[in-house]
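Heads up: the structure comes next, in structure tokens.
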Amino acid sequence: MEKSFTDLIEEVQKPGLCHRCGGCVTFCSAINFGALELGQDGRPRYKDPEKCIECGICYMICPVNHELDNETRNLVGWHEPMGNVIGTTVLRALDPEVRAAGTDGGVVTATLLRLFDQGRIDGAIVCRQTSPFVRQPALARTREDILAAAGSHYDESHGMEIFGNEYSTYSPSIRAMGPLSQGALSRVAFVGTPCQIMTLRKMQALGIVPSDAIKYVLGLFCTQNFIFGEKERAKLEELGGFSWEDIAKINVRERLQIFTKSGEVIKIEFDKLKFMIRPACRFCDDYSAEYADISFGGVGAEPGWTTAISRTPLGRAVLADARDSVLEQYNLSQNPRYASEALAKVEELSRKKKESAARCLDASGRA
């Protein structure tokens with residue numbers, strides 16, 4: 001008997017493993033079953049149990065389960081220790097406007113704009129600001145939409161996704177795939193975190209809508225996602241010795257970086273932030289978006305620059321086209337090993353996240 005959403009509740013939600021990616025709800029809605037919905041806390045739940053046909057697909061595409069592991073690995077040529085790596089480079093956007101709007105050099109935004117301007121995509125699934133501290137997944141249909149979505153998930157103006165009255169650095173981008181099932185767009189780029197990309201790749205491995213519309217998958221390095229509830233913010237203020245009202249921007253690289261309006265940069269190590277990590281993130285072992293076409297992040301690069309890892313031939317072709325047209329490559333004349341050193345740093349953090357996830361799983365008895 002196929003496992004159903006009831007099994008997801010018992011095996012994933014109740015133990016605190018749900019990533020709130022929205023994949024199960026997106027699939028169920030896209031097929032017009034309508035049995036599931038997202039609650040106010042961002043967790044999937046039954047909307048109408050009578051409509052559930054117990055097909056088991058919601059269970060199979062959940063990023064927590066090991067269903068379809070072989071299929072998804074074959075899809076992208078994944079292998080140890082952290083997925084396929086064709087090449088690594090350090091880049092930033094050539095356009096000063098894009099650099100100013102984006103994070104770590106605006107490379108993801110510049111890449112999306114290049115794909116859009118060339119007519120290779122007719123939209124992109126991104127996260128957009130809806131109000132201060134609130135950022136939600138969206139389907140960008142114009143150049144202006146893409147540029148407006150630029151910026152960190154962690155700064156004050158483009159900040160935290162809200163579920164109920166709890167802020168989080170996580171935004172469930174899979175939810176924005178919903179309109180694709182109605183044929184709204186057919187060539188779309190997807191920007192997301194490792195767990196979201198795993199769900200997407202599982203959907204593609206099964207050949208189910210609306211994943212067929214996703215042509216390019218851009219992944220973001222992800223140490224953890226953080227909850228910025230009232231209690232967490234108060235404790236963070238005490239830990240960092242600042243006032244929340246004085247924050248200009250928050251970014252995550254190798255540690256949590258808090259930029260104050262006076263220009264001070266407060267750095268807090270992740271091991272001091274366990275009180276605000278989303279529970280499911282403790283069990284995630286993918287730091288570098290191993291199933292993406294291209295993975296991006298600031299780790300290993302100087303401020304204002306992005307480390308980019310091409311993982312598939314498609315991803316390599318996208319970066320090759322964007323380089324020198326909309327992206328500037330870091331000058332390696334002073335240090336020819338700069339890109340390889342950046343990759344080594346990503347590999348180090350990837351290894352640490354895998355080891356931490358394994359310890360958490362072992363301690364919970366779910367290894």
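The values are calculated or read from the model by the stated rules, or taken from the named source; none is laboratory data. These numbers come from a predicted model, not from an experiment. Counting neighbours? That spans all protein chains shown, and the Cβs are built from the backbone with ideal geometry, glycine included.
A few points about this structure:
- Across region 71-84, not a single residue is classified as among the small types (G, A, S), more than 21 Å from the chain's Cα centre (by Cα) and either over 26 Å from I309 (Cβ atoms) or at pLDDT 90 or above (or both).
- Scanning region 70-110 for residues that are in contact with a strand residue (DSSP E or B) (Cβ under 6 Å, 6 or more places away or on another chain), among the hydroxyl-bearing types (S, T, Y) and surrounded by 22 or more Cβ atoms within 10 Å (Cβ to Cβ) returns a single hit, T89.
- For region 86-118, a residue qualifies if it is within 15 Å of A317 (Cα to Cα) and part of a loop (DSSP other than H, G, I, E, B), and the qualifying residues are I86, Q118.
- Residue check, T6 of a type in the set (S, T, N, Q) and under 20 Å from the mean Cα position of the chain (by Cα): no
- Just one of the listed residues (E290, E302) is out of contact with any Lys or Arg (no Cβ under 8 Å at 6 or more places or on another chain) and at pLDDT 90 or above, namely E302.
- Cβ separations smaller than 6 Å between residues 6+ apart or across chains give the following pairs from region 99-121 residues that are assigned by TED's automatic domain parsing to the domain that holds R143 and on the phi < 0 side of the Ramachandran plot to residues that are in a helix (DSSP H, G or I) and crowded, with 20+ Cβ neighbours inside 10 Å: G102/T109; T109/V98; A110/V98; T111/A322; L112/I146; L113/I146; R114/A322; I121/L115.
- Test: residue in region 323-340 that is out of contact with any Leu (no Cβ under 8 Å at 6 or more places or on another chain), surrounded by 16 or more Cβ atoms within 10 Å (Cβ to Cβ) and not assigned by TED's automatic domain parsing to the domain that holds R253: no
- S29 on the phi < 0 side of the Ramachandran plot, surrounded by fewer than 23 Cβ atoms within 10 Å (Cβ to Cβ), in contact with a Leu (Cβ under 9 Å, 6 or more places away or on another chain) and among the hydroxyl-bearing types (S, T, Y): yes
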